[in-house]
Every structure is written in C-alpha cells, then in structure tokens.
Amino acid sequence: MVTRAQPRRSAAAALARHASDPAALLLLVLLPLVVQSGFVLRVLSLSWLDAILAMGVVVSYGYAGIPNMSQGTLYGVGAYAVANLMSNSGFSFLLSAVIGAVIAAAIGGLLGATALRVRGNYWWLVTIAFTQVMFIVFNSWTAVTGGEGGFIGIPLARIGGMTLQSFRSFYYLGLAALAIVYVVYRRVCRSRVGSAMIAVRSDETAARGLGISPGAIKIASMVLAGFGAGIAGACLDSITGYIDAQTFSLTFSFNMMLFAIVGGIASLRGAIIASVALTYVTTEVTSLVNYQFFIFGGTVLVALLVRLYLGGRSPVTELRRRWRRARGAGDATVEEPAVEVVAE
Amino acid sequence: MSEPDGRLVCTDVKLRFGGIVALDGVHMTVEPREVVGIIGPNGSGKTSLINVLSGYYRPTSGSVVFDGRRIDRHRPQELRRRGIARVFQNLRLYNGLTVLENMELGLVQDMSSALGVVRATCGSIVGRRQTKLRGTARERASALLSENGFGALAAIRVGSLSYGQRKELELLRAIIEPPRLLLLDEPTSGVAHSDADVIKERLLAWQAQFGFAVVIVEHRLGWLFDVAHRVVALSSGTLLAEGSPEEVAADPVVRSAYVGS
Ligand SMILES: Nc1ncnc2c1ncn2[C@@H]1O[C@H](COP(=O)(O)OP(=O)(O)O)[C@@H](O)[C@H]1O
Ligand SMILES: [Mg+2]
C-alpha cells in the first residue's frame, strides 16, 4: 500500500495518521454521556465548525496552493444566507443549509477565479482585501445582515421533527456537519483530483503538460472550501441564534489559516485536531483567553521549528527511528526522504 | 485532410519576444510514426519550437496543424488530451510524490477543462465508478513500472532517485497514456552514457510498441542519429538543412555551423 503524500507535516498530523476515523467518531459520539457541562459542549460544538473551516484551508491552500485568508468570510456568507432564508423566507434548516452551502461555494469559486489573474504573494493580498471589504459589507448592509447590531432571532433548527435546542443537540449537529464535510474532502483529496491539486501547487507548467487545467483545479478547491464554510455557517446560526460581523473578521480567517498550518497544512485530520485543541484551550480555560494570540503564535512557531529541525520528517517516525537505533536494532525500513519545505 | 491522420504540419511559424526572433518562418512536417530529430546551436530556437508544438507558446504568425486541425491557439492541457505529450529539458517530476503517484498523474483523465474537473470531483465524492477507474489506472501504472525496472521503487519518493532514473521516469510518465506525438527536449542531457543508452533502447521499444511519432531535440548527435529517421537543423530560428541523418551529418552548411560547438 502506498502512503499518500503529505508534503508538510507536524506533530498533530503524525498523531492524526495513527488514529482510526470510525473509532474517533465513536468516541466523540459517546463523549456527551460523560461530559455534562453545557459550556464545554457548546465550546466543542463551535470548535467542530472551526475544524470544518480549517479543513477548507487544507484543501485550498495545503493541496491546491491558494493562500486562503477568506474562510471566515465564506463562513459569514453562508451564515447570513441561511439566517435570511430561515427567518424571512421560512425555509427549513436543511434546505437553507444546502442553499447556503451552494451560495458560499459559488462565492468561493468566484474568488478562486480571480486567482487565475493574480500570481503568488499577491493572492494573499487579494483574499485579505476581500475579507476586509466583506467585513464592511456585513457591518453595513443592514437589510440583510442586521448591520452593526447583528442578525437577531434566528429560528431554532428543526430536523426530522426534532427541535435542536439543547447543548447536546448543538454538539451533535456540529459533529455531524464535521463528519460529512470530512468525508467529502477526504474523498476528493485521495482521488486523482487531490493529486492534480498537488500537481498544480507544485508545478503548474508540468501539470498543464499532463493535461490538467490549473485554473479549473484552483477554482474547484475554492468551491470546496466555500461549500464547507457554508455548511459551518448554517450550523453557527442554529447554535447561537445570533450572528454579527465581528465573528467574520480578518482575525478569524487568519486563525483558520493558522489551525491548518499547525495541523500540518496538507492534513485534514491534523487540521481538526489543531482546531479543536487550540479553540478549546483558549476558550474553556478562561484565564487563557487574553493569551489567545500568544498561544496561537507560539504553537505555530514550535510547529515550524520542529518541521525545520526534522527536515520535514514526521516527529513520530523520527522518534521511532531513534528508539530503534538506541536499542541497537537493525533499521530495515526504507528511510523516508526529507521533503523540502516549500517556500511560497 | 480533416480526418484524424496524426500528421503534424508547421507552416511559416514565426515567434518573437519583443525584438528577439526565436523562430523565423519554420516549415516542418512530421508524419505518423516518424521520428524527427532537431539539432542546432544554443539559442537557435529548438526549445521554442517544442513550446509552440506543445501549446506553451503561441506563434506570432504561421500555423500548426495536427490531425487536420489548427492547434496553434490551443493550451497545453488541451493538446495533451489530443495526444501530444511533452517532456521538458529540465526535470519536472513531482519530488514530493511517490514514483507511482507521478505515474498516475501521467494517465490522462480529463481534467483539462472546468467540466472535466467538475466531473472528476463529483465522481470522487459520490464514488464507485471513480474508485474503479482509479483502480485500473493504478494497475496500469504499476504494470508499466515493473516492466521498466521501477517495480521495487513504486512507493519511493521521486526526490530520492538518481538523476538518470528521474530522466527515465519522466519519459515513462509521458508515454504511460500513449500519445500520438511525443515531444522530447534533450532527453539525455546530464545523463551518463550508459543511462543514455538505456533511454535510447526504451524509447525505440515504446515507439515500436505504441507507434507514436516523436520529435527529439538532442545534443548527442550520435545518439540522435541512431534514433531519428529524419533530422532537421535549426539556426537562428530558421531551417538550415533537412534530410536523413547521413545527409545532414554530411551537409557542409551544418558542418560549418557546428565547427567549435
Ligand atoms: N520566454 C522567452 N522570452 C524571451 N526570449 C526567449 C524566451 N524563450 C526563448 N527566448 C529566446 O529565443 C531564442 C531561442 O531560445 P531557445 O528556443 O531556448 O533555444 P534553444 O533551445 O535552441 O537553445 C533565444 O534567443 C532565447 O533567448
Ligand atoms: Mg533548449
């Protein structure tokens, strides 16, 4: 069996590769039986949404190479769309969520289409500018977003005759959304589309020679990122019942990028673990809230240093190798070559 | 004329970069199954010609016709779909991917257009057919790898292979989905003599097996004359001479152009 390429790795990514998906899901499904605190469940349900957004960065940036500093904005597009559909048009939650996901995916695709005109580092600026402009739109388009006062009174979600209003139901809503988006992203990343994304990111010229359209691949990656963000936005509506522009700031988008990087940038599971851990630590441990940036920044620094020190090898593999060597056992496994840290 | 005949016809192809004239009215025909060698000093326009034929450069004027259809306004990814494969002068393998993954990328599955990508993406999400398709692709890739001595290396990252192996592998990636026209830009540059001979044998075997036409730019004249049916000599973007390897080798104009190089 061939291991998929994971061009950039970190401790979280390494841990992730050894956890089996169904077992992890089962544990998470059972967790609320043990954890009774409504506050903890709420923090976790929101961190599932962050994980969805960070996975979108993995797909668009980690795989296709598009610096995506607009995940929070696409999240907002989905959230406002769904809030309007549910409050004003009386659409059901599920239908609204689907429409919201499609709208966010379309906006993501449009943003991706501009990537074709812009090269390299300018793309960071494009997505940052987009996020800032949309922040102003969210704040001032009162008829649709509620302006600075925010969008108030979003109806509770009803799914299959059940009204979601407990912390536990929010937890499961977020977890279900995470599971769905994870499966979709994972399938795409493992298919030839995922390989084509890596090909486009690493060498566009070569990719074209192999019959791959870099433009179509880049747009597809942003459509996928927007799709997940739209679903997360729908869940946010029903968990909080209230949204305002502050949630969809540049800082928030930046954090999603950061979670993805800490998670190993090209690892979906790594992104989930990093998002949940960092969100949880800085929200649950209230005394740490003020140190949020310090903790985030420090984690990124450590992740980068570990990667530099190991030359791209996974820390787990490296530790195992050293352990074997220390015991004097012959190391029969093929040494995994270091992967170059790709400068953007 | 309009049925797919696999013939390539360049008519009066000119290519300018500002004041630099890279190609200055090139006329050239490549018949199906024919192996054409291109020689010429550095800067004579060999790579530019390959870039035009593979869709990377648009000629300033003139036309390129393949299969009876104009292709000089088409993009590389579209031309690969139509059966024109190209190998670059410098290595362009994906070093972070494994040997097998690089080979899989060589299997042309339509991702040359937005529609193709949508289809591939939806297929990968929904499912079964996709996995099967990928399964057969992987089988074919594995089979070709073992036939060519890369069987044990399938799971190795390309970055850890030797230079000669990588040159060979890149060639293999270009023909894994057999093209009808293969464009090679200096396939043996930087490769040891023994490896160059291996590449020659493989290339001839594949050409016999799949029956594609080949255009080869190459500095090793002996190597090229063993492989090519016909040789074209370029100088300053124009055709200096054309004929069988023996004729071109004997051509006094070519000889004088090559003195000292
Ligand atoms: N992208 C480009 N921009 C400007 N000049 C170019 C470009 N590509 C090729 N040239 C010029 O065209 C001429 C032919 O180059 P090239 O085709 O690479 O020659 P060869 O492959 O025979 O060594 C050279 O003078 C080169 O500088
Ligand atoms: Mg050249």
Practice prompt. Per residue of A:24-31, count partner chain C-beta atoms within 10 Å of its C-beta, then hand back the mean as an integer.
Written response: 0
Discussion item. Give the residue list of chymotrypsin sites (Phe, Trp or Tyr not before Pro) in segment A:82-148 that are DSSP loop and have at most 15 other beta-carbon atoms within 10 angstrom.
Written reply: A:141
Worksheet entry | chain B: mean projected area of Cα convex hull, nm² | 15.2
Response to the item:
Scaled by the rule-of-thumb 2.2 N^0.38 Å, the alpha carbon Rg for segment B:71-216 gives a ratio of 1.07
Worksheet item: With every protein chain kept in the model, how would you rank A:242, A:171 by accessible area, 1.4 Å probe, largest at the top?
Response: A:242, A:171
Discussion item. Projecting each Cα onto the charge dipole of the protein assembly as shown (Lys/Arg +1, Asp/Glu -1 at the beta carbon, about the Cα centre), which of A:319, B:253, B:49 comes out farthest on the positive side?
Written reply: A:319
Worksheet item: Could you give the semi-axes, largest first, of the ellipsoid that matches segment B:1-111, computed as the square roots of 5 times the alpha carbon gyration tensor eigenvalues and rounded to whole Å?
Response: 25, 19, 13
Worksheet entry | Accessible-area ranking of A:21, B:185, largest first, probe 1.4 Å | A:21, B:185
Worksheet item: What percentage of the solvent-accessible surface of segment A:38-247, computed with a 1.4 Å probe over protein heavy atoms, is contributed by carbon and sulfur atoms?
Response: 66
Discussion item. Taking every DSSP beta bridge with both residues inside the protein assembly as shown, roughly what % is antiparallel (nearest 5)?
Written reply: 55
Worksheet item: Residues of segment A:122-157 with amide nitrogen under 16 Å from the 7 Å Cα-to-Cβ point of residue A:92?
Response: A:156-157
Response to the item:
The answer for the per residue Cα convex hull volume of segment B:18-57, in Å³, is 83
Practice prompt. Starting from the alpha-carbon convex hull of segment B:174-261, give the projected area averaged over all orientations, in nm².
Written response: 6.3
Fill in: Test item: B:149-159 mean partner chain Cβ contacts at 10 Å
2
Fill in: Averaged over B:78-84, number of beta-carbon atoms from partner chains that fall within 10 Å
2
Worksheet item: Helix-derived [θ] at 222 nm for chain B: sum -39500 (n - 2.57) over DSSP H runs of at least 4, divide by residue count, nearest 500?
Response: -12000 deg cm²/dmol
Worksheet item: Computed from the mean reciprocal separation of all distinct C-alpha pairs, what Kirkwood hydrodynamic radius does segment A:38-247 have, in Å?
Response: 17.3
Item to complete: Give the value in nm², to one decimal: projected area of the alpha carbon convex hull of the protein assembly as shown, averaged over all directions.
Response: 32.5
Worksheet, complete the sentence: Between chains A and B, total accessible area buried, probe 1.4 Å, no ligands or nucleic acids, nearest 100 Å², roughly 3300
Worksheet item: In debye, nearest 20: dipole of segment A:38-247 around its Cα centre with unit charges on the Cβ of K, R (+) and D, E (-)?
Response: 620
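The values are calculated or read from the model by the stated rules, or taken from the named source; none is laboratory data. These numbers were taken from a predicted model, which means no experiment stands behind them. All Cβ positions, glycine included, derive from the backbone under ideal geometry; neighbour counts span all protein chains shown. Ligands, DNA and RNA are stripped out before the accessible areas are found, and what is left, the full protein with its side chains, is counted by its heavy atoms. Shrake-Rupley method; radii C 1.70, N 1.55, O 1.52, S 1.80 Å.
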